[in-house]
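Before any comments, here is the structure.
The values are calculated or read from the model by the stated rules, or taken from the named source; none is laboratory data. Treat the numbers as computed from the prediction; the structure is a model and nothing was measured. Cβ: placed from backbone, ideal geometry, glycine included. Neighbour counts: every protein chain shown.
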Amino acid sequence: MELIRELELAKKKMTSWRRHLHQNPEIAYEEMQTSDFVTNKLQSFGIEVHRGLGKTGVVGVIHGQDSGGDITSSIGIRADMDALPMDEQTNLAYASTHPNRMHACGHDGHTTMLLGAAEYLARRRHFNGTVYCIFQPAEEGGNAGARSMIEDGLFDRFQMESVWGMHNWPGLEAGRALVHVGPAMAGADIFILTIEGAGGHAAMPHQTKDPIVAAGMVTVALQTLVSRQLDPFDHAVISLTKLEAGSAFNVIPDIATVGGTLRTMKKTTRKDFLQQIENVAQTAARVTGCQVSMEVRPGYPPTINHEADALFARKVISDVLGKDGLDTDLTPTMGAEDFSYMLQQKEGAYIWLGAGKDSPKLHSSLYDFNDELLPIGASLWVRMVEAKLPQQAG
Ligand SMILES: [Zn+2]
Ligand SMILES: [Zn+2]
């Protein structure tokens with residue numbers, strides 16, 4: 001491993017920042033103290049700070065030796081800042097001091113790794129161009145802080161050629177990292193099928209159009225979509241998670257609803273399957289004379305790494321963490337991530353940084369970010385910047 005010595009020496013300091021953030025978790029769009037903390041640190045490093053994008057988002061701008069103003073010499077590196085609405089059970093000395101608030105996804109660590117990198121980059125400036133350090137709110141819970149920052153002009157005000165994200169990953173050894181070429185995380189959409197029939201007396205079903213029978217048929221019919229309509233080399237999950245109908249044992253109701261999530265890895269599969277879910281549901285329900293309408297609540301799109309950037313990141317990982325430090329085995333996950341919105345607009349990739357084989361799982365009440373990763377993640381960020389924005393020779 002070729003970590004940056006100065007960042008190794010800064011581990012103790014970074015650990016104290018991380019634990020401070022851990023003790024004071026804030027959830028989506030409430031990251032007031034966290035964004036104050038980030039701002040104060042960036043300003044103390046002499047970095048230009050812009051606030052208020054996506055309510056609590058922060059952007060730090062670091063110019064290299066020759067910033068030029070050329071968009072091809074610019075890079076965005078992003079960390080998320082929000083915690084989760086849950087109680088912590090770790091009993092750590094620096095456990096959350098707020099009920100129903102916990103950094104159980106390691107965003108305290110992500111914020112700290114980026115701060116550590118920012119401090120080093122601002123002091124050394126061994127790069128040519130401009131680095132935008134993006135601290136975003138509200139990644140969790142479908143709150144789409146990344147999208148909020150984009151809507152507030154992130155990419156208009158700060159012209160960057162590519163954007164990069166990093167997430168700690170329990171189950172992968174600490175000191176190893178991974179970048180998928182192509183899809184890394186799924187897109188997740190909620191759909192709700194409202195089946196409208198004509199209710200009546202349970203004793204006289206022939207005078208009704210029974211939406212409960214239709215709901216049953218729709219439920220069964222949807223099971224064949226992934227198994228029969230999906231390319232075996234593609235990935236998708238349809239889970240029906242809500243079934244609602246009826247209010248009395250002797251009344252056939254007018255309406256039944258069937259709801260669930262669709263998770264996909266490709267834009268085209270997502271579009272196609274949303275259409276297919278509606279078609280299949282309509283066909284199945286028609287047998288009983290019922291009508292179906294579908295509401296889609298779009299969730300995060302799939303996180304798709306740009307191929308050339310993923311390969312580039314793999315090279316940086318091998319350079320910093322050594323050949324064995326690069327994992328290429330872990331499969332993508334059907335979980336979703338709002339960094340996907342940034343990758344829809346910019347080149348770049350999303351890196352998984354191993355948090356340890358035995359690390360408690362993300363979103364567990366026993367989870368704690370592994371502080372050993374602080375100099376590793378910060379070194380990766382710095383080397384990524386320096387490789388992407390190399391200084392001219394001479
Ligand atoms: Zn999370
Ligand atoms: Zn997370």
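Data table
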item: Some residue of the stretch 30-38 being under 25 Å from Gly175 (Cβ atoms) and aliphatic (A, V, I, L, M); result: no
item: Residue match in the stretch 114-124 (condition: closer than 13 Å to Ala378 by Cβ, within 16 Å of ligand 2 (Cβ to nearest atom) and in a helix (DSSP H, G or I)); result: yes
item: For Cys105: the one exception among (1) in contact with a Lys or Arg (Cβ under 9 Å, 6 or more places away or on another chain); (2) under 18 Å from His167 (Cβ atoms); (3) within 16 Å of ligand 2 (Cβ to nearest atom); result: (1)
item: Residues being over 20 Å from the mean Cα position of the chain (by Cα) and surrounded by fewer than 18 Cβ atoms within 10 Å (Cβ to Cβ) - total across the stretch 176-193; result: 1
item: Positions within the stretch 124-139 being hydroxyl-bearing (Ser, Thr, Tyr) and within 16 Å of ligand 1 (Cβ to nearest atom), in sequence order; result: none
item: In the stretch 85-95, residue farthest from ligand 2 (Cβ to nearest atom) [restricted to those that are of a type outside the set (Asp, Glu) and within 12 Å of Tyr367 (Cα to Cα)]; result: Asn91
item: Condition met for Pro85 (within 16 Å of ligand 1 (Cβ to nearest atom), free of Cβ contacts under 8 Å to residues at least 60 places away in the same chain and surrounded by fewer than 20 Cβ atoms within 10 Å (Cβ to Cβ)); result: yes
item: Selected residue (only one of Trp381, Trp352 is touching a Leu at 6+ places or on another chain (Cβ under 7 Å), buried (at least 19 other Cβ atoms within 10 Å of the Cβ) and not in a helix (DSSP H, G or I)); result: Trp352
item: Selection count, the stretch 1-48, where residues are in contact with a strand residue (DSSP E or B) (Cβ under 8 Å, 6 or more places away or on another chain), without any contact (Cβ under 8 Å) to a residue 60 or more places away in the chain and either buried (at least 18 other Cβ atoms within 10 Å of the Cβ) or of a type in the set (S, T, N, Q) (or both); result: 2
item: Residues (of a type outside the set (D, E, K, R), in a loop (DSSP other than H, G, I, E, B) and over 24 Å from Tyr120 (Cβ atoms)) located in the stretch 10-43; result: Asn24, Pro25, Ile27, Ala28, Tyr29
item: Given (1) among the hydroxyl-bearing types (Ser, Thr, Tyr); (2) more than 19 Å from Asn168 (Cα to Cα); (3) out of contact with any Phe, Trp or Tyr (no Cβ under 7 Å at 6 or more places or on another chain), number of the condition Thr56 does not satisfy; result: (3)
item: Per-region count, the stretch 148-171, residues away from ligand 1 (no atom under 16 Å from the Cβ) and in contact (Cβ under 8 Å) with a residue 40 or more places away in the chain; result: 16
item: Test: Asp108 is within 16 Å of ligand 1 (Cβ to nearest atom), in contact (Cβ under 8 Å) with a residue 12 or more places away in the chain, surrounded by 24 or more Cβ atoms within 10 Å (Cβ to Cβ) and part of a loop (DSSP other than H, G, I, E, B); result: no
item: Among residues of the stretch 187-211, those that are under 23 Å from Gln276 (Cβ atoms) and of a type in the set (A, V, I, L, M, F, W, C), counted; result: 6
item: Restricting the stretch 55-73 to residues that are surrounded by fewer than 24 Cβ atoms within 10 Å (Cβ to Cβ) and of a type in the set (Gly, Ala, Ser), the residue that is farthest from Phe127 (Cα to Cα); result: Gly69
item: Residues satisfying the stated conditions in the stretch 286-300, i.e. touching a residue at least 40 places away in the same chain (Cβ under 8 Å) and farther than 16 Å from Lys267 by Cα; result: Val287, Thr288, Gly289, Cys290, Gln291, Val292, Ser293, Met294, Glu295
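Yes/no per residue for (1) out of contact with any helix residue (DSSP H, G or I) (no Cβ under 7 Å at 6 or more places or on another chain); (2) over 30 Å from Glu6 (Cβ atoms); (3) surrounded by 23 or more Cβ atoms within 10 Å (Cβ to Cβ):
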{"position": "Arg123", "(1), (2), (3)": "yes, no, no"}
{"position": "Cys133", "(1), (2), (3)": "no, no, yes"}
{"position": "Pro137", "(1), (2), (3)": "no, no, yes"}
{"position": "Asp156", "(1), (2), (3)": "yes, yes, no"}
{"position": "Gln159", "(1), (2), (3)": "no, no, no"}
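Let's see how each residue does on (1) under 30 Å from Thr303 (Cβ atoms); (2) modelled with pLDDT of 95 or more:
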position: Leu193; (1), (2): yes, yes
position: Gly199; (1), (2): no, yes
position: Met204; (1), (2): no, yes
position: Asp210; (1), (2): no, yes
position: Met217; (1), (2): no, yes
position: Leu222; (1), (2): yes, yes
position: Phe233; (1), (2): yes, no
position: Lys242; (1), (2): yes, no
position: Asn250; (1), (2): no, yes
